[in-house]
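The values are calculated or read from the model by the stated rules, or taken from the named source; none is laboratory data. If you're wondering where the values come from, they're calculated on a predicted model, not measured in any experiment. Neighbour counts are summed over all protein chains in view; Cβ atoms, including those assigned to glycine, are modelled from backbone coordinates with ideal geometry.
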Amino acid sequence: MLSKAALGQSGRGNRLGSNKNPLTREQVVEAAINCIERFGVAKTSVIDVARVLGVTRQTVHRLFETRASLLEAVAEVRIEAAAENLQRLFTRFDDIETALVEGSIVSLAVGRSDAVLDEIQQQADHSVDQYMFRGSPKVQQLMLGIWGPVLDHARAQGRLRDNIGNERAVEWIRNVHAMLTMRVDYSEAEKAGLLRDFLVPSLVRP
């Protein structure tokens, strides 16, 4: 929860958003997370976020031009937190097939376990849906940190298909994960079957 000091309520001259106490992207993202946890994604507006911060809507828009760009920033923060947990979990996978199937299932489950991230993925508008596929340079680097060691090990063993670099492989894995995230009708067994039948052959030598 944002403190009074963080909200700039310690004095009129030090009001948040003033020249002496400028508003930061991190403060806006934190306030947006607070609103989403209280009201849900659908009922969280830029005005709500501004009200929590004690600033005007225009002040928030100086940092985030649209509501969608703010939700994307929130998603990126939550993805970063999830990536830290996944990096530890991925050390247990000894082969590329297991990593692509079981690692993907674990990754999807970690995303669902974050209520804020899961709600953004399920209820946000089309532009945020596109972000979940497109990602960002930061998200790509986070995914490379998770998948890079697994891919490097498989390549050293001659298991990866020719001419597939880590950047390209991770982009494809992200796209598959984004698609499966949106298919809430699939069971874990169905997701595992699709990963085994289509993701694995697309990256691994027969």
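List pairs: first in the stretch 99-112 and in the same structural domain as residue 150 (by TED's automatic domain parsing), second in a helix (DSSP H, G or I) and of a type in the set (Val, Ile, Thr), Cβ under 6 Å, 6+ apart or cross-chain?
From the stretch 99-112, the pairs are 99/150; 100/200.
Could you count how many residues in the stretch 48-75 are assigned to a helix (DSSP H, G or I) and either more than 19 Å from the chain's Cα centre (by Cα) or among the acidic types (Asp, Glu) (or both)?
So the count comes out to 12.
For the stretch 56-66, how many residues meet the condition of being without any contact (Cβ under 8 Å) to a residue 40 or more places away in the chain and either farther than 15 Å from residue 35 by Cα or crowded, with 21+ Cβ neighbours inside 10 Å (or both)?
The qualifying residues number 7.
For the stretch 39-76, what are the residues that are on the phi < 0 side of the Ramachandran plot and of a type in the set (Gly, Ala, Ser)?
Scanning the stretch 39-76 gives 42, 45, 50, 68, 69, 73, 75.
Can you confirm whether the stretch 43-60 contains a residue that is of a type outside the set (Ser, Thr, Tyr) and modelled with pLDDT under 90?
Checked against the condition, which is being of a type outside the set (Ser, Thr, Tyr) and modelled with pLDDT under 90, the stretch 43-60 yields no hits at all.
Can you find a residue in the stretch 167-177 that is modelled with pLDDT of 95 or more and among the polar types (S, T, N, Q)?
Looking for residues that are modelled with pLDDT of 95 or more and among the polar types (S, T, N, Q), one finds none in the stretch 167-177, hence no.
Checking the conditions here, which among 91, 181 is more than 28 Å from residue 73 (Cβ to Cβ), part of a helix (DSSP H, G or I), out of contact with any His (no Cβ under 6 Å at 6 or more places or on another chain) and modelled with pLDDT under 95?
Details: 181 fails: more than 28 Å from residue 73 (Cβ to Cβ).
Residue meeting the stated conditions: 91.
Given the structure, is residue 110 more than 13 Å from the chain's Cα centre (by Cα), of a type in the set (Val, Ile, Thr) and in a helix (DSSP H, G or I)?
No.
Is at least one residue of the stretch 117-136 modelled with pLDDT of 80 or more, more than 18 Å from residue 183 (Cβ to Cβ) and outside any helix (DSSP H, G or I)?
no
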